[in-house]
1. Kindly establish whether R118 is in contact with an Asp or Glu (Cβ under 8 Å, 6 or more places away or on another chain), modelled with pLDDT under 85 and not in a strand (DSSP E or B).
2. Any idea which residue in region 63-121 is nearest to N53 (Cα to Cα), counting only those that are surrounded by fewer than 15 Cβ atoms within 10 Å (Cβ to Cβ) and among the hydroxyl-bearing types (S, T, Y)?
3. From the list D152, D136, D100, D109, which one is acidic (D, E) and modelled with pLDDT of 90 or more?
4. Residue by residue through region 121-133, note down the ones that are modelled with pLDDT of 75 or more, assigned to a loop (DSSP other than H, G, I, E, B) and charged (D, E, K, R).
5. Of everything in region 72-115, what is among the polar types (S, T, N, Q) and without any contact (Cβ under 8 Å) to a residue 12 or more places away in the chain? Give them in sequence order.
6. Would you confirm whether any residue within region 48-64 is closer than 13 Å to V82 by Cβ, more than 13 Å from the chain's Cα centre (by Cα) and without any contact (Cβ under 8 Å) to a residue 60 or more places away in the chain?
7. Any residue at all in region 90-109 that's of a type in the set (A, V, I, L, M, F, W, C) and in contact with a Cys (Cβ under 6 Å, 6 or more places away or on another chain)?
Amino acid sequence: MNAKVINETRQYLTFKLDHETYGLDITQVKEVLEFTEATKVPRMPEFMRGVINLRGGVVPVVDLRIKFDMAMTEKNIDTCIVILDLIIDEENTLLGALADSVQEVITIDYEQILPPPRIGTRLNTEFIKGIGKNNDEFVIILDIDRVFSCDDLTALMKSEDPGIMSQGSL
């Protein structure tokens, strides 16, 4: 597996992007919100959908579908925002991630998690902790701290400055 070894039974929040199931370590998930319009921030990367107000704080919202080279997330009845707690520059930071739908919290024993596939050196899989199984379905377990590059995270941190927000919304 990658630098982070999964060596115990863990719980994961599963969610859908397109028709694939992904999992996030439940300890990094703060809450799940219904989809809400985000305020656009000028000059942000394409995957950055905007910012939302969460109990008086500004939280950037990203579209993981775009980050994973899929079509932009389209709002439907199941679309939601997963609020995550990331560590950026040794500081806890909240980040919202759009999901087509949230499924359930599952428990996967480390022995049931396989390393990400190796498909040459051109495919970057360092943001995947492993591939687990839930019933007969694969779950791609993300290392959310590695999904975004340092430049991505710097841009997101700048978006938390309320002075740069525009009035437009998604």
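The values are calculated or read from the model by the stated rules, or taken from the named source; none is laboratory data. Computed from a predicted model, the values in this text were never measured in an experiment. Cβ placement follows ideal geometry from the backbone for every residue including glycine, while neighbour counts extend to all protein chains displayed.
1. On the way: in contact with an Asp or Glu (Cβ under 8 Å, 6 or more places away or on another chain): no; modelled with pLDDT under 85: yes; not in a strand (DSSP E or B): yes.
The answer is no for R118.
2. So the first thing to find is which residues in region 63-121 are surrounded by fewer than 15 Cβ atoms within 10 Å (Cβ to Cβ), and the list is 69-72, 74-78, 85, 87, 89-92, 101, 104-105, 107, 109-111, 114-115, 117-121.
Filter once more, so that each one left must be among the hydroxyl-bearing types (S, T, Y): 101, 107, 110, 121.
Working: S101: 21, T107: 31, Y110: 36, T121: 40 Å.
Among those residues, the one meeting the criterion is S101.
3. Numbers: D152 fails: modelled with pLDDT of 90 or more; D136 fails: modelled with pLDDT of 90 or more; D109 fails: modelled with pLDDT of 90 or more.
Checking each option against the conditions leaves just D100.
4. Taking region 121-133 as the starting set, the residues that turn out to be modelled with pLDDT of 75 or more are 126-133.
Now restrict to residues that are assigned to a loop (DSSP other than H, G, I, E, B): 126-127.
Within region 121-133, just E126 meets the criteria.
5. Going residue by residue through region 72-115, those that are among the polar types (S, T, N, Q) are 73, 76, 79, 92-93, 101, 103, 107, 112.
Scanning region 72-115 gives a single hit, N92.
6. yes
7. So in region 90-109, the residues of a type in the set (A, V, I, L, M, F, W, C) come out as 94-95, 97-99, 102, 105-106, 108.
Pick out the ones that are also in contact with a Cys (Cβ under 6 Å, 6 or more places away or on another chain) and you get 99, 102.
Yes, that holds for at least one residue.
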